[in-house]
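**Q** Handing you a structure now.
The values are calculated or read from the model by the stated rules, or taken from the named source; none is laboratory data. Just so you know, these numbers come straight off a predicted model, no measurement behind them. Neighbour counts are summed over all protein chains in view; Cβ atoms, including those assigned to glycine, are modelled from backbone coordinates with ideal geometry. Keep in mind that these areas ignore ligands, DNA and RNA; they rest on the heavy atoms of the full protein, side chains included. Shrake-Rupley method; radii C 1.70, N 1.55, O 1.52, S 1.80 Å.
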Amino acid sequence: MSRPSTTAPLFGKHAAGEIGDKLTDMGDALGSLTGVLSVAGGVAGIVGNAMSARADFREMRQGREAARALRARLGQPA
């Protein structure tokens, strides 16, 4: 490996190990961030499912109310 400039630090015999350690630390940090994002995605999915279930319940309730109103209307004399 050649130095890019005269002010660049020289590589010692332990440079590869130090670089590997730094890359490992960065990989661990990235893995932790991925885990946090995964948990956040899971929570968002749960919230989305709850909202969908609530909307389904509302639709069923409105359907029952509409059917009840229609039966009442059809049962009345014209």
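**Q** What's the number of the condition Ala72 fails, among (1) loosely packed, with under 10 Cβ neighbours inside 10 Å; (2) of a type in the set (Gly, Ala, Ser); (3) at pLDDT below 85?
**A** With respect to (1) loosely packed, with under 10 Cβ neighbours inside 10 Å; (2) of a type in the set (Gly, Ala, Ser); (3) at pLDDT below 85, Ala72 is out only on (3).
**Q** Every residue in region 32-59 that is modelled with pLDDT under 85 and open to solvent by 100 Å² or more (accessible area, probe 1.4 Å), please.
**A** Leu37 - this is the single residue of region 32-59 that is modelled with pLDDT under 85 and open to solvent by 100 Å² or more (accessible area, probe 1.4 Å).
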